[in-house]
Amino acid sequence: AERLAWSPTGDRLALSSRTGVFVVPPDGRYTNFASARRGEIAWSAATNQFALAEYTEQNLGYNGDPDRLGDRSSAESYGNEDKFWLVNAPAAPDVGVAEQSFKSTSDRAARNADAYDRVWERSTKLYFSQPDAATRRVAWEAAKAKHRPAAMAAKNEDELQRAIYSMLQDRPSLRSAATGRAAVSSAHPVSTEAGLEILRAGGNVVDASVAVSFALGVVEPDASGVGGYGEMVIASPKLEKPTLIEFMSRVPEEASLTNTSLLVNGRYPSDGPVLANVPGTTAGMYAAWQKYGSGKLPWKDLLAPAIRAARNGYEVSEGLATTLATERDGFAKYPSSMALFFSNGQPLVAGDTIRNPDLAWVLEQIAAKGADGFYKGDVAKKWIDDIRPKGNAMKLTDLARYYAPEREAVSGTYRGYTLWSSAPPVSGGAELVGRMNLFEHYAKPLNYTNDAATLHAALTAWFLVPTTRNRVADPGLWSVDIAPITNKDTAKVRWGCFNAEKALKPADVRGDTLPCLKSVPAVTPAKASGTGSPDATELASQSAPGCGDDHAVEVTHCRAMGTTAFTVADNEGNVVAVTQTLGTWGGNFYVTPGLGFLSNDKLTSYGTDPSAYGSRLPFARHGSTLAPTIAFKGKKPVFAVGAAGNAWITSAVYQSLIGALDFGLNPQQALELPRFLPGGGGGPAAGGATAGYSIQMEDGFSPDVIKKLRALGYGINFVSLHGELREGYGSAVSIDGKNVMAGADPRRSGAAGAVPNK
């Protein structure tokens, strides 16, 4: 982010950007580069110098409480050096810098206590202030008292950080898990209760999942809903093996790349009605219920909780409030969206109430007529009559012929477990199996929050998985080949690049080719659709953190982190894992008047070469990294997980599985593991593909682990404050005999619920 500061006389502006500090006059006739450092700026009264409080740009994402956004500019964001510089203005880079540090002269013990207490207080506010947290709060207070003497006695920053880490290690669960004969884990209490209501009424896990799905579309309207898409993995003792319902969005017949009417000034719009693909969520839920529902409850009963929430109102969550606050410019373009989510021109805040009678009416049509209530009839006509004149190519026939196919889930084995995950056109399941195949070669994994060797191995496995590019797309239009990704022999060969003493660099992994092996490609090269092996610079950019969609073309889309996930299971071996989404937070930001739902924004999530693999052809289903997953031990399911957050999806699922299957963690503990997201090289300024990989990390890893990772060659970027979990919301359940446990992820309004054992 840029920082601006006018001189006291108003004749110069100091601008701190990513590349340093510049000084310019009001008319912009010249620009002087003042310093290669960057930070907050304060001019001297004489205007010949300014003080620069140096900081490290974190470029953080968000997942929850809007109040936490402002927290990032606190003193913690400046690191541990407390460096302030006096810079001549203007001047050549760093000329005249008085390299003196205005360090605090306060008592070290008092300073330590203040830092320690701030971490404790933040955690208390975020995780232990709820009505059900009283018992956990007592344990958290005991952890504070236990480690505070060590914090106050710390002689340096390293000792203080170890004391804080020790306190966080003793922190009790941040949310309450739930155990019973059946359980639900979702991102909101209303949706979790919707699933439990159906289970208590005699419905099965598929029935309950339908209720959860539609309820989430009401209370998390920025993350999923009837305008979205996703995939569902289903396991049942009645099935020979798990199956999958795919309900990804499709390109309208007239929305191919040759349709230039979709462009505005030669470019696709960044939001709005033009971007909506044909959505799949309603068809997917209806198809699952028709074939795998209990048959005991009518379809309309499954939508009743969602209709009730929409008509009677629900409380705005911190996550929704965050979306509205940070994406207000997108919503503000559309009066109908403003009418639903804003009040007096301001975005609704956490605790406000939303009533959405328009969406209630849409859901009532679906409840009465099944999927036809959405894809045919009054809802369909009203939607098309609105968005088609506004530039969307969708027709009534596009909606009427949408279907949700049943596909074979991608499978693989891992240390005696069998994994079943998402299927093409989604690549997340294949990538997950490929990474687990690689990590399986690390023989004795320990909890990586305090074991750098295990974390290094997990990161290496992440980078070594073969590319899905030009291998995974809509299987109805292109040949799909995931074998090179999921093959164990391939993993064995590629694991030869693992070096316990050194981190890989982007230049070591060129797609399928592995220079780190000094050999020929380890797998068959991807199907040709253009050039051969990319150069090092290209590889660095390909590896950069992003939204994870293989063909995403809008960088802004890769910075948004929408989506939701939920899991439902019973003690008879019936399990469902679902990930559903609008694509990014808020989807296309547009609400059709009278319908009350946001739509997906996936029209631009395809290749832009009409002749290339995975391009935007009529009816094509797009790619994604969704990864709803069920793990079996023998013939019994033992763990199910799904996640949200675009680039964080596969990362969160990967880490939760390792936590549950390798570390023996229950769902709550697995969800509360701090996340990491491997990314690209440091970019040209840092050496491009020759620099080490950069890892985004939540707080919660041992300070010693961080030091060792840096020594191995990784770049570390923290994406949360001390004690905070921020990225990669997840949902998880475990099945152990007669007991099913659901976890509740604190990264959103995650809620776990269970039906008690009889």
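Every number here is computed from the coordinates shown, using simple stated rules; none is lab data. Since this is a predicted model, take the numbers as computed values, not measurements. With ideal geometry, Cβ positions are generated from the backbone for all residues, glycine too; neighbour counts draw on all protein chains shown.
For Lys636, a cut-off of 30 angstrom between C-alpha atoms picks up these lysines, skipping any fewer than 8 places away in its own chain: Lys238, Lys241, Lys291, Lys296, Lys444, Lys488, Lys492, Lys738, Lys758. Take the Kirkwood radius over Cα pairs of the stretch 336-409, plug it into Stokes-Einstein at 4 °C and 1.567 mPa s, and you get 88 µm²/s for translational diffusion.
Check each of the GluC sites (Glu not before Pro) in the stretch 229-293 and keep only those in coil by DSSP with at most 11 other C-beta atoms within 10 angstrom; list them in order. Write down the numbers at each step before the final one.
On the way: sites: Glu231, Glu240, Glu246, Glu253, Glu254; in loops: Glu240, Glu253, Glu254.
When the GluC sites (Glu not before Pro) of the stretch 229-293 are filtered for loop state and at most 11 Cβ neighbours within 10 Å, Glu240 remain.
For the stretch 166-182, backbone phi angles converted through the Karplus equation (6.51, -1.76, 1.60; θ = phi - 60°) give residue-by-residue couplings of 4, 4, 5, 5, 8, 5, x, 3, 7, 9, 8, 6, 9, 10, x, 7, 8 Hz, Gly and Pro being listed as x. The string of couplings for the stretch 432-448 from the Karplus curve (6.51, -1.76, 1.60, θ = phi - 60°) is 4, 4, x, 5, 5, 4, 6, 5, 4, 6, 8, 5, 10, x, 10, 4, 6 Hz, one whole number per residue in order, with x for Gly and Pro. For the chain, the longest principal axis of the Cα atoms and the long axis of helix 134-153 meet at an angle of about 20 degrees.
Mean 1/r over all different Cα pairs, inverted: what Kirkwood radius does the stretch 376-474 give, in Å? One decimal place: 17.1 Å for the Kirkwood radius.
The stretch 554-667: Rg/Rh from Cα coordinates, Kirkwood Rh?
Numbers: Rg = 17.3 Å, Rh = 16.3 Å.
The Rg/Rh ratio comes out at 1.06.
When peptides 632-638, 506-512 are ranked by their average number of other Cβ atoms within 10 Å per residue, the highest-first order is 506-512, 632-638.
Every Cα-Cα pair in the chain was counted, and those over 37 Å apart are 41% of them. Amide H to amide H, with H built 1.01 Å from N, Gly715 comes under 5 Å of Tyr693, Ser694, Ile695, counting only residues 5 or more places away or on other chains. Note on Lys502: lysines with a C-alpha under 17 Å away, same-chain residues under 8 apart excluded, are Lys518, Lys707, Lys708.
Output the peptides 319-329, 217-227 sorted from most to least packed, where packing is the average of other Cβ atoms within 10 Å over each peptide's residues. All intermediate terms of the calculation are to be shown ahead of the outcome.
Values: 319-329: 21.3, 217-227: 28.9.
The most tightly packed comes first, giving 217-227, 319-329.
Answer rounded, prolate or oblate for the stretch 108-169, using the Cα gyration tensor with square roots of eigenvalues a ≥ b ≥ c: rounded when a/c is under 1.5, else prolate when a/b is larger than b/c, else oblate.
Prolate, since a/c reaches 1.5 and a/b exceeds b/c.
Could you tell me what a quarter of the Cα convex hull surface of the stretch 631-755 works out to, in nm² with one decimal place? Working shown, then result.
On the way: hull surface 37.3 nm².
About 9.3 nm², averaged over all directions.
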